[in-house]
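Undergrad: Structure in structure tokens, see below.
The values are calculated or read from the model by the stated rules, or taken from the named source; none is laboratory data. Computed from a prediction, not measured in an experiment: that's the story for all the values here. Heads up, the Cβs are rebuilt from the backbone with ideal geometry, glycines too, and the neighbour counts pull from every protein chain shown. When the accessible area is computed, the model is the full protein with side chains, heavy atoms only, and any ligands, DNA or RNA have been set aside. Shrake-Rupley method; radii C 1.70, N 1.55, O 1.52, S 1.80 Å.
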Amino acid sequence: APEDQVAGDPRTLKAGDMVEYLGVRYFVRGSIRLREGGFTWSEHLLDADTIEGTKVWISVEEDPDLEVVWWTEIDPGDLVPNTKTLTWDGVEYRREEHGTADYSSEGTTGLGTGGRVEYVDYEASGGRYLAFERFGGGAWEAGTGERVPTGTLTIYPGSGV
């Protein structure tokens, strides 16, 4: 059950909420809702004033179990998601998913209100991830992620409904 994993339901996260992770509080600046066929998931941009110039995101999906992942933006340089395995920072990741989804954006995300995104997801042992996204056919953006351990995330709903 989600309440065993976090305090608050991450599936209800939205712009204006606050999350606390590993003792640091972050303001949810904006959210992206994604849909591919009947499958939906969300990504939330966090105010990362404590991490100079780096974007931090949290993703929430049920596939079929609730999975919450903490993402940190990286500069992939020449690395592109065109092989079955990629090595980043000494870790080998294997490609798990590749597709396109429709998205809608709310709050501050750096994106327009909606469009299409291509994504490629890689996974390594120990709940570690490497993901690439390309919005509207633009340049690849990349991030590394780690599964949020049970009991380390608290959600504080913002004002409003």
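Undergrad: Going by what's in this entry, would A101 be described as farther than 19 Å from A142 by Cα, at pLDDT 90 or above and of a type in the set (A, V, I, L, M, F, W, C)? I'd like the intermediate steps shown before the answer.
TA: Details: farther than 19 Å from A142 by Cα: no; at pLDDT 90 or above: yes; of a type in the set (A, V, I, L, M, F, W, C): yes.
Criteria not met by A101.
Undergrad: Still on this structure, I have one more. May I ask you to list pairs of residues, at least six apart or on different chains, whose Cβ atoms are under 8 Å apart, with the first in the stretch 46-67 being farther than 15 Å from V28 by Cβ and the second being assigned to a loop (DSSP other than H, G, I, E, B) and at pLDDT below 90?
TA: These pairs meet every condition: T54/A48.
Undergrad: Something else now. Are any residues in the stretch 68-80 in contact (Cβ under 8 Å) with a residue 60 or more places away in the chain and farther than 20 Å from T150 by Cβ, and if so, which ones?
TA: Those that are in contact (Cβ under 8 Å) with a residue 60 or more places away in the chain and farther than 20 Å from T150 by Cβ: T72, E73, I74, D75, P76, L79, V80.
Undergrad: Out of all the residues in the stretch 54-65, is one or more assigned to a loop (DSSP other than H, G, I, E, B) and either within 20 Å of E141 (Cα to Cα) or of a type in the set (K, R) (or both)? Spell out the reasoning first.
TA: Looking only at the stretch 54-65, we keep the residues that are assigned to a loop (DSSP other than H, G, I, E, B), and these are 54-55, 63-65.
Next cut, either within 20 Å of E141 (Cα to Cα) or of a type in the set (K, R) (or both) only: 54-55.
Scanning the stretch 54-65 turns up at least one residue that is assigned to a loop (DSSP other than H, G, I, E, B) and either within 20 Å of E141 (Cα to Cα) or of a type in the set (K, R) (or both).
Undergrad: Exactly one of (1) open to solvent by 20 Å² or more (accessible area, probe 1.4 Å); (2) at pLDDT below 95; (3) touching a Phe, Trp or Tyr at 6+ places or on another chain (Cβ under 9 Å) is unmet by R94. Its number?
TA: Unmet condition: (2).
Undergrad: While we're looking at this one, here's another question. Can you say whether L13 is modelled with pLDDT of 90 or more and under 14 Å from W70 (Cβ atoms), as far as the supplied structure shows?
TA: yes
Undergrad: Please work out which one of (1) open to solvent by 70 Å² or more (accessible area, probe 1.4 Å); (2) farther than 27 Å from G16 by Cα; (3) among the acidic types (D, E) is the condition D121 fails and give its number.
TA: Exception for D121: condition (1).
Undergrad: Within the group D78, D102, D89, D63, which residue is exposed (fewer than 15 other Cβ atoms within 10 Å of the Cβ) and within 15 Å of the chain's Cα centre (by Cα)? Talk me through it step by step, then tell me what you get.
TA: Values: D78 fails: within 15 Å of the chain's Cα centre (by Cα); D102 fails: within 15 Å of the chain's Cα centre (by Cα); D89 fails: within 15 Å of the chain's Cα centre (by Cα).
Answer to the check: D63.
Undergrad: Taking the stretch 130-156 on its own, how many of its residues are surrounded by 13 or more Cβ atoms within 10 Å (Cβ to Cβ), touching a residue at least 12 places away in the same chain (Cβ under 8 Å) and under 16 Å from Y21 (Cβ atoms)?
TA: The total comes to 11.
Undergrad: Keeping to the stretch 24-50, report how many residues are open to solvent by 60 Å² or more (accessible area, probe 1.4 Å), modelled with pLDDT of 85 or more and of a type outside the set (F, W, Y).
TA: 8
Undergrad: Can you give me the number of residues within the stretch 85-126 that are over 18 Å from T144 (Cβ atoms), of a type in the set (D, E) and either in contact (Cβ under 8 Å) with a residue 24 or more places away in the chain or not in a strand (DSSP E or B) (or both)?
TA: 2
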